[in-house]
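Notes follow the structure.
The values are calculated or read from the model by the stated rules, or taken from the named source; none is laboratory data. Since this is a predicted model, take the numbers as computed values, not measurements. Neighbour counts are summed over all protein chains in view; Cβ atoms, including those assigned to glycine, are modelled from backbone coordinates with ideal geometry. Accessible surface areas use protein heavy atoms only, side chains included; no ligands, DNA or RNA. Shrake-Rupley method; radii C 1.70, N 1.55, O 1.52, S 1.80 Å.
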Amino acid sequence: MDRRSFVKYGLLGVSAVALCRFSRIATAASDQPVDKLVKTNEEWKKILTGPQYNVLREEGTERPFSSPLNDEHREGMFACVACDLPLFPSKFKFNSGTGWPSFFDSIKGHIETRSDTSLFMERTEYHCARCGGHHGHIFNDGPQPTGLRHCNNGVALKFIPV
């Protein structure tokens, strides 16, 4: 076997192991309750950047089309930037045209929802199930199979490629 083939097959093997790892994370985590992570506001301020703190802890919203994750199309996992909990496999991502990373589904049990009546309308807000960080809102205008759009602030996510 020449060096090029060795490297190519080695990278394929590493990719396969990583993909299996992410699949197990999504499956195993959905079958088990998520352990809560509790920190004070001062502790979060030391860990998060200003924009991350604004969105995750103060329920702010980043400007549309400002996140580099809008253009992220590689295979991998989108996780909460505050606590690393996987929230969305890349296969759930779609281009909604809204300016925020959007997903038609999430990993079961990894987000929690509540009613949000700000802005004089009722919306469904969602948070990370581990750290409680605000990520965005869920709308009923997404693609099949769910018809949902999880509209996420990109600053609240990190992408972990396979």
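Observations on the model:
- Which of Tyr126, Tyr53 is most accessible, then next, and so on - probe 1.4 Å: Tyr53, Tyr126
- Expressed as a whole percent, the accessible surface of the stretch 59-162 that belongs to carbon and sulfur atoms is 51, based on a 1.4 Å probe.
- When the residues Ile160, Ile107, Ile138, Ile47 are ordered by accessible surface, computed with a 1.4 Å probe over the protein chains alone, the sequence from largest down reads Ile47, Ile160, Ile138, Ile107.
- For the peptides 38-44, 151-157, the ranking by packing is 151-157, 38-44, with the highest mean count of neighbouring Cβ atoms within 10 Å listed first.
- Euclidean distance between Cα centres, the stretch 97-138 to the stretch 78-96, Å: 12 Å
- Calculated diffusion of the stretch 50-136, Stokes-Einstein form, Kirkwood radius summed over Cα pairs, 20 °C and 1.002 mPa s, µm²/s: 157 µm²/s
- ³J(HN,Hα) computed for each position of the stretch 90-98 - Karplus, 6.51 cos²θ - 1.76 cosθ + 1.60, integer Hz, glycine/proline x: 4, 5, 8, 7, 8, 8, 8, x, 8
- Extended-chain gain in nm, criterion 0.36 nm per residue less alpha-carbon gap, Asn140 and Asn95: 14.7 nm
- When the P(r) is computed for the stretch 93-133, the part past 13 Å accounts for 64% of the Cα-Cα pairs.
- Applying the criteria of a DSSP loop state and at most 12 other Cβ atoms within 10 Å to the trypsin sites (Lys or Arg not before Pro) of the stretch 54-162 yields Arg74, Lys108.
- Equivalent-ellipsoid semi-axes of the stretch 87-162, from the Cα gyration tensor, Å, largest first: 18, 15, 12
- Residue-wise HN-Hα coupling along the stretch 108-125, computed from phi with Karplus coefficients 6.51, -1.76, 1.60 (Hz; x: Gly, Pro): 3, x, 9, 10, 10, 10, 7, 6, 10, 9, 6, 6, 6, 8, 9, 10, 9, 8
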